[in-house]
Amino acid sequence: MNVRPKSATFDLEQQWALVKSQLRSEYGDTAYKSWLASLVLEGLEGDRVRLSVPTRFLRDWIASHYADRIKVLWRRTNPLVDGVALTVAPSPSRPPKSGEVSPALSEDAITEIAPSASVAEVAPTAEVSGPLDPRCTFDSFVVGKPNELAFAAAKRVAELDRLPFNPLFIYGGVGLGKTHLMHAIAWEIQRRDPQRKVVYLSAEKFMYQFIRALRFKDTMSFKEMFRSVDVLMVDDVQFIGGKESTQEEFFHTFNALIDRGRQIVISSDRSPAELSGLEERIRSRLGWGLVVDIHPTTYELRLGILQSKAEAHAAHARVPDRVLEFLAHRITSNVRELEGALNRIVAQATLVGRAITLEMAQDVLQDLLRAHERRITIEEIQRKVAEHYGIKLTDMHSSRRARVVARPRQVAMYLAKQLTPRSLPEIGRRFGGRDHTTVMHAIKKIEELRAADSVMSEDIELLRRQLHG
Ligand code: ADP
Ligand code: MG
């Protein structure tokens, strides 16, 4: 039996640390602690990572709910890992040290453990394309007003051989479905024509590959490899900004592919115009094709997404409509959090055999809901206040000094300071680029008025209540 050299264990442990931190941020602290914190890294078995948990129940639960995700995340960190094996190890075992075989491993008489060299050296030549999440297809994507354009454009790109628009640039906030759509494009293209070479990767990985090629003095094969693809998809391109040599290489690759009539799909958290740290010619070229944005979700879309995700759980848990409506109403930030909330409720129900009710959902999601209550944005405040005083939203940013608009603006600044974690300079910027001293003055003014004027004090209370919703 092979025992891994020290470096392999170390590498694997680092990868595990990374995967764990990603799991934690994706599923939230509570779910993480309930389900995932007890996982122990046992080692590598062939190309499969072996993890253990203390009980069979946990093993089954993790296998059906998290194992796919763990695998995807792991493959992102190390493309050579091809699976995750879960075992039950009654007493929590510590990670094996070098030269030592953990009890779980010896019991199972694993004969093949990948030596570190194969992990480190094969990586550059292994497929560059990131793993695709099998759950992210067009079929599983729920379409609504905020994302219909992006969805239609993505479908077009995937369905046609001629290029409808090149590049397709998709942008939008975190967790709104950009990566989902890119994976869906890749799946669809592969399904239609397995011969077409589709490469999907994050901008970070693109940079990593390039820097690695530079280090190994192997930029030729890097270039050839990228330039031979039919479809290149680069996710989260905002991360390319700043690094000049990578930008340059990206730009050349990009131009070469476009010139050859190959499809490019880019995603970013902001529009091409807002991509700071990117050279002007690159920025403008990125916007040459079709630029579509995914808007924040609406209540209807959130409900639709929840209904479709709840259906997937239907076999082991029924989630009443009222609970779905409640979630759609309260968790508005992004789809990832929405999914996480639903998963937590279902997990709880399945684990303790508790029926899913509104009370139960509120109970299970206490921390999440509280965090959401606090997340009021300056935009919302401006909108509410403008509405309340019957002025235009644009007056919040305008330089008009007439009291009818100046006073409500001050109220909004005051509430922004009270209800959001934003600093004075930030608040000033969001009110038409005003100075922080102006904000300070506004806050002082409104505090005075509140104390002296009961109408003002009632206005503030009312607005505050409405904003807390
Ligand atoms: P982004 O890349 O924009 O940050 P993701 O594509 O990773 O967001 O989406 C976050 C999660 O929400 C994923 O699990 C994804 O499948 C899901 N999701 C986002 N939008 C939708 C949608 N319209 N229908 C179904 N699932 C969605
Ligand atoms: Mg993404």
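The values are calculated or read from the model by the stated rules, or taken from the named source; none is laboratory data. For clarity, every value in this text was computed on a predicted model and none was experimentally measured. Because the Cβ atoms are built from the backbone with ideal geometry, glycine has one as well, and the counts that use them run over all protein chains shown. We work out accessible area using only protein heavy atoms, side chains counted, and drop any ligands, DNA or RNA first. Shrake-Rupley method; radii C 1.70, N 1.55, O 1.52, S 1.80 Å.
Once all protein chains are placed together, SER34 keeps about 70 Å² accessible to a 1.4 angstrom probe.
Between PHE165 and HIS252, the FRET efficiency estimated from the beta carbon spacing at R0 = 22 angstrom works out to 0.55.
Per-residue ellipticity at 222 nm computed for the chain from its helices equals -17000 deg cm²/dmol, with DSSP H segments shorter than 4 residues left out and the rest contributing -39,500 (n - 2.57).
Each label point was placed 7 Å from the Cα along the Cα-to-Cβ direction; for MET456 and ARG322 their separation is 4.4 nm. In the structure shown, the pairs LYS178/LYS417; LYS392/LYS445; LYS33/LYS71; LYS33/LYS417; LYS20/LYS217; LYS20/LYS145 are assessed against 24 Å; a Cα-Cα span above that value is assigned to LYS178/LYS417; LYS33/LYS417; LYS20/LYS217; LYS20/LYS145.
Considering only ILE376, PRO167, TYR414, and ranking their Cα positions along the charge dipole of the chain that arises from unit charges at the beta-carbon of Lys, Arg, Asp and Glu, the one farthest toward the positive end is TYR414.
A straight chain from HIS441 to GLN307 at 0.36 nm per residue would run longer than the Cα-Cα distance by 43.4 nm.
Oblate is the label for segment 299-372, because the ratio a/c of its alpha-carbon gyration tensor axes (a ≥ b ≥ c) is 1.5 or higher and a/b is not greater than b/c. Amide H to amide H distances under 5 Å link GLY83 with VAL49, where only residues 5 or more positions off or on other chains count and H is placed in the peptide plane. Under 5 Å from the amide H of GLU45 lie the amide H atoms of ARG50, each residue being 5 or more positions distant or on a separate chain, with H modelled from the backbone and absent for Pro and chain starts. Distance between the 7 Å Cα→Cβ label points at GLN195 and THR87: 4.6 nm.
Considering only DSSP beta bridges with both partners in the chain, what is the antiparallel share in %, to the nearest 5? In the chain, approximately 15 percent of DSSP beta bridges are antiparallel ones.
Placing R0 at 45 angstrom, the Cβ-Cβ distance between LYS392 and ASP29 gives a FRET efficiency of 0.60 after rounding to 0.05. Take the Cβ atoms of ARG260 and ARG281, set R0 to 22 Å, and the FRET efficiency comes out at 0.70. In terms of packing, defined here as the mean over residues of other Cβ atoms within 10 angstrom, the peptides 427-435, 337-345 line up highest first as 337-345, 427-435.
Sorting the segments 287-295, 449-457 by their mean number of nearby beta carbons within 10 angstrom, highest to lowest, gives 287-295, 449-457. Judged by the gyration tensor of its Cα atoms, with axes a ≥ b ≥ c, segment 410-449 is oblate; a/c meets the 1.5 cut and b/c is at least as large as a/b. Per-residue 3J(HN,Hα) values for segment 312-318, derived from phi via the Karplus relation 6.51 cos²θ - 1.76 cosθ + 1.60 with θ = phi - 60°, read 5, 8, 3, 5, 10, 7, 9 Hz in sequence order (x marks Gly and Pro).
Computed over every Cα-Cα pair of the chain and binned at 10 Å starting from 0, the pair-distance distribution P(r) comes out as 4, 16, 22, 24, 20, 10, 3, 1, 0 percent. Charging the Cβ of each Asp and Glu at -1 and of each Lys and Arg at +1, and nothing else, the dipole of the chain about its Cα centre rounds to 1080 debye. Of the peptides 355-364, 257-266, the order by per-residue mean of other Cβ atoms within 10 Å, starting with the highest, comes out as 257-266, 355-364. With 0.36 nm allotted per residue and the present C-alpha distance subtracted, the THR377-GLN466 stretch has 30.7 nm of extension available. Here the 3J(HN,Hα) profile of segment 297-308, calculated from phi with Karplus coefficients 6.51, -1.76 and 1.60 at θ = phi - 60°, is 5, 9, 4, 4, 5, 4, 5, x, 5, 4, 4, 5 Hz, Gly and Pro shown as x. Normalised by the number of residues in the chain, what is the relative contact order in percent for Cα pairs under 8 Å and 6+ residues apart? Normalised by residue count, the contact order of the chain is 12 percent. With protein chains left intact and a 1.4 Å probe, residues in segment 378-468 average 56 Å² of accessible area per residue.
Applying the Karplus relation 6.51 cos²θ - 1.76 cosθ + 1.60 with θ = phi - 60° to segment 275-281 yields 3J(HN,Hα) values of 6, 7, x, 10, 4, 4, 5 Hz, where x marks Gly and Pro. Once you sort the root eigenvalues of the Cα gyration tensor of segment 378-468 as a ≥ b ≥ c, which label holds: rounded (a/c under 1.5), prolate (a/b larger than b/c) or oblate (the other case)? Rounded shape, in that the Cα axes give a/c under 1.5. How much of the accessible area of the chain, in percent, comes from carbon and sulfur atoms when a 1.4 Å probe is used? C and S atoms contribute 51 percent here.
Seen against the Cα atoms of the chain and their longest principal axis, helix 6-27 is set at about 30 degrees.
Approximating the spin labels as points 7 Å out from Cα along Cα→Cβ, the SER228-to-SER140 distance works out to 3.1 nm.
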